[in-house]
Protein chains: 2
Amino acid sequence: MKARVQVMLKSGVLDPQGEAVKRVLGTLGFDGVRGVRQGKVIELDLDGDDRAKAEKDVTAMCEKLLANRVIESYNIEIA
Amino acid sequence: MKARVQVMLKSGVLDPQGEAVKRVLGTLGFDGVRGVRQGKVIELDLDGDDRAKAEKDVTAMCEKLLANRVIESYNIEIA
């Protein structure tokens, strides 16, 4: 069973990576980029076929390791 | 118009971040994690409503800046 976790900085939190990408896109001639936010994505390959268990486990992984809940939010997709 | 780009290391390329996450998940008691791959996600806020133009522009951004096509693959979603 595959899971995908997307971790992004919360909207009020300064994102220097995203700002850098935005600036460089401007210098490369890409106008019309209003904003850029950069986050991370973690793809997990899990044992078993129990979707509910996978979702519960991955949520626990996010809370314990994958995301810093003070400044980051996460989104889980089970496939 | 919003675009989301996911950039992952190609499957044959060693992913030390993913390996580290996998190992730490094991030490935290999460058994049954077969594999972990970590990549980045870039959310772009673009001017205009032309979906085809947005897709073309974001593809060019990926080729020029966002992804290293030698070792990374990318996936674009326009929303």
Legend entry - Looking only at region B:3-24, and only at residues there that are closer than 20 Å to residue B:42 by Cβ and charged (D, E, K, R), the one that is surrounded by the most Cβ atoms within 10 Å (Cβ to Cβ): B:15
Legend entry - Odd one out for residue B:79 among (1) open to solvent by less than 70 Å² (accessible area, probe 1.4 Å); (2) away from chain A (no Cβ under 11 Å); (3) modelled with pLDDT under 95: (1)
Legend entry - In region A:66-76, residue nearest to the other protein chains (Cβ to nearest Cβ) [restricted to those that are open to solvent by less than 80 Å² (accessible area, probe 1.4 Å) and either in a helix (DSSP H, G or I) or among the hydrophobic types (A, V, I, L, M, F, W, C) (or both)]: A:66
Inset, instruction - Look through region B:43-75, keep the residues that are free of Cβ contacts under 8 Å to residues at least 24 places away in the same chain and small (Gly, Ala, Ser), and return whichever of them is farthest from residue A:27 (Cα to Cα). - result: B:52
Legend entry - Checking residue B:6 against (1) more than 7 Å from every other protein chain (Cβ to nearest Cβ); (2) in contact (Cβ under 8 Å) with a residue 40 or more places away in the chain; (3) closer than 23 Å to residue A:1 by Cβ, the condition it does not meet: (1)
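Restricting attention to region B:25-65, which residues are at the interface with chain A (Cβ under 7 Å from one of its Cβ atoms), outside any strand (DSSP E or B) and surrounded by 19 or more Cβ atoms within 10 Å (Cβ to Cβ)?
Listed by number, the residues that qualify are B:25, B:57, B:61.
The values are calculated or read from the model by the stated rules, or taken from the named source; none is laboratory data. What you see is a predicted model, and the numbers here were worked out from it, not measured in a lab. We place every Cβ from the backbone using ideal geometry, glycine too, and count neighbours over all the protein chains shown. Note: areas computed on protein heavy atoms with side chains; ligands, DNA, RNA excluded. Shrake-Rupley method; radii C 1.70, N 1.55, O 1.52, S 1.80 Å.
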